[in-house]
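Peer 1: Take a look at the following structure, please.
Every number here is computed from the coordinates shown, using simple stated rules; none is lab data. Quick caveat: nothing in here was measured; it's all calculated off a predicted structure. Here the Cβ positions follow ideal geometry from the backbone for every residue, glycine too, while neighbour counts run over all protein chains shown.
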């Protein structure tokens, strides 16, 4: 049975985006199919979902708030975080100093060429030698990047203005196959 002359009718509706009807007239039989491509008000669906899944929606909201807070806090502290590739030009600057705040054992396993090993605790309470560094470009690195950030914040608080941290620390440095030395 083929539909001799199918016809598509558009019927506008208030609650729907589109209603359509296809009418086919078969010999001795009228076939009408009505359907709609309606989407209920999406805001109503969202409100219903949140009402039905309050714990899930609250958890999602908390995660979003924490992410925004973390990013705003990170940007506000004025600390530059550089990938290993971005750190290379920084290191090559004539007034740059690379400070590795890793434990001595990790430092001795391999570090960036010309890096100084200074414990993070020493940067928290700077002595005369460290105060001399505050007018230089300071690049801090540690094993994973986690220890270097608080150390860099300590340097910023003591008045250093040009401080950066290697994102991912020596782990990322090695992964990106940049040179290390044990000398």
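Peer 1: Give me the log10 of I(q) over I(0) for the range 39-183 at q = 0.11 Å⁻¹, as the Debye formula computes it from C-alpha points; what are the numbers?
Peer 2: Once normalised to I(0) and log-transformed, intensities are -0.51.
Peer 1: Along Cα→Cβ, 7 Å out, is where each label goes; now give me the distance between the ones at residue 177 and residue 53 in nm to one decimal.
Peer 2: Modelled inter-label distance: 4.3 nm.
Peer 1: So, one more: Between residue 74 and residue 41, 0.36 nm times their residue separation minus their Cα-Cα distance comes to what?
Peer 2: 8.1 nm
Peer 1: Determine, from the Cβ-Cβ distance of residue 88 and residue 132 and an R0 of 25 Å, the FRET efficiency 1/(1 + (r/R0)^6), rounded to the nearest 0.05.
Peer 2: Working from the Cβ atoms, E equals 0.55.
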